[in-house]
1. Let me check I have the definition right: for region 102-206, take the eigenvalues of the Cα gyration tensor, multiply each by 5, take square roots. What are those semi-axes in whole Å, largest first?
2. Consider just the alpha-carbon atoms of the chain and return their Rg together with their Dmax, both in angstrom.
3. Trypsin sites (Lys or Arg not before Pro), restricted to region 326-410: which are DSSP loop and have at most 11 other Cβ atoms within 10 Å?
4. Enumerate the amide H contacts of SER323 below 5 Å, restricted to partners 5 or more residues apart or on another chain; note that Pro and chain-start residues carry no placed amide H.
5. Which ³J(HN,Hα) values in Hz, rounded to whole numbers, follow from the phi angles of region 3-9 under the Karplus curve 6.51 cos²θ - 1.76 cosθ + 1.60, where θ = phi - 60° and Gly and Pro get x?
6. Taking 1 over the mean of 1/r across every pair of different Cα atoms in region 148-215, what Kirkwood radius in Å do you get?
7. So, in Å, what gap is there between the alpha-carbon centers of region 123-189 and region 1-26?
8. By per-residue mean of other Cβ atoms within 10 Å, what is the highest-first order of 321-327, 154-160?
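The values are calculated or read from the model by the stated rules, or taken from the named source; none is laboratory data. These numbers were taken from a predicted model, which means no experiment stands behind them. We place every Cβ from the backbone using ideal geometry, glycine too, and count neighbours over all the protein chains shown. The area values use the complete protein model at the heavy-atom level, side chains included, leaving out ligands, DNA and RNA. Shrake-Rupley method; radii C 1.70, N 1.55, O 1.52, S 1.80 Å.
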Amino acid sequence: MLQTVDVGRMSVSSYRSQVPAQIMDPLFDIARGLEGARVLHLSATPYGGGVSELLRSAVPLYNDLGVAATWKIISGTEPFFAVTKKIHNGLQGGSQPISPADRLLYEETSRRNADELLADDGFGDYDFVIVHDPQPIAVRSSLDGMKASWVWRCHIDTSEPDPDTWSYLSGFVGHYDATVFTMSGFVPPDLSPARVDIIPPAIDPLSPKNMSLDDRTAHAVLNWIGIEPGEPLITQVSRFDSWKDPLGVIEAYRIVREKIPSLQLALVGSMALDDPEAWAVYATISEESRADPAIHVFTNLTGVGNIEVNAFQRMSAVMVQKSIREGFGLVVSEAMWKGTPVVAGRAGGIPLQVADDSGGLLVDSVPACADALLTLLSDPGLAAGLGAAGRERVRRHFLLPRLLLDELTLLDGLAH
Ligand code: UDP
């Protein structure tokens, strides 16, 4: 049996106070036409990373809108997830060849997951199956002749995939009725499903990670975990993944610290079920930061959860997201929603968020990152202006009801 993720309950109407009516009104309209439909979301991990973050918030809202949604997790061994991580890296432009043995393991595990799905009561009743990212993509190939429309939702930066990896994956994509990418620049040129939609992700303004938190509480949370109150703090929150360039962040911090000796750096990272490389990256970062007590490394395994991330994103003078490749980078919108300026890599979906003089500064190198950090740390007026404009940009474009509106519009189009 595949694991079904238990999610809470949430009312879409509660978002009216935060989200423009131009989004809320059509959302209720489109949902009425889909009432009673059944949707399955299939992904690789219930925690760690943007997809689980998104589904945890979106699934209860589907249900509140009258569209019965379920979220299930495929299962696999560590070697299976080592292969899917290679595929992930290949799609983002890395080149780790996928051997015949890798393919065999990947396809056998996908078939076993497909069999388990078929054995689930009511599997045949789904109207839509939305498959997130490459890990579960091949499940579809073993499940022909069903009434459901199948959507592949790609969350990663596929603008310059390794050709061999993409040619392998595209064989599976061909079985889908529609695909969804975050940006048009991510759509591979030879893609041929019936429908391609462009839908950027979004954050949940009412989740514990993003809800309002008063400064006193946020300070107390950070103080408790060892951040020096009153001294400037910069933070990067992300999975321990080399595409997020944590070592580049440490290098940039060291340059800035020469000018601002009291500066502190926090690297807050999570482990995910489907990311076997995270431990090695974590070990390298810990080694690199050992000699400097002003560098703090935290993980979800030592109790740094949503409220702590909320406090970091709120109380840091600047948030950093120095990604080299980035599907979207929910963390960028999360920080912007709190009015905190961001220094971020000009990669993938990040410039979609940090745009129009809002949210922060984009950078392409370690020295540029250090320069941008210094600029914002030494000009609180500029930092506050970018932060305030960033919050407004997120309100208009990157809050969860807009994502739901886009997704339900796609499902409605597939149904009619
Ligand atoms: N995250 C977290 N704790 C951590 C690191 C990350 O809660 O220690 C969350 C982060 O707040 C964000 C998500 O994981 O909601 C990461 O999503 P993003 O799109 O930025 O990157 P991805 O991991 O999907 O590449």
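1. Details: eigenvalues 105, 68, 34 Å².
Each semi-axis is the square root of five times an eigenvalue, giving 23, 18, 13 Å.
2. Just the Cα atoms of the chain yield Rg and Dmax of 21.1, 65 Å.
3. none
4. Distant-sequence amide H within range of SER323: GLY345.
5. Each residue's phi maps through the Karplus curve to give 5, 9, 8, 7, 10, x, 10 Hz.
6. Values: mean 1/r = 0.0723 Å⁻¹.
13.8 Å is the Kirkwood radius here.
7. Between the Cα centres of region 123-189 and region 1-26 lies a distance of 24 Å.
8. The packing order, highest mean first, is 321-327, 154-160.
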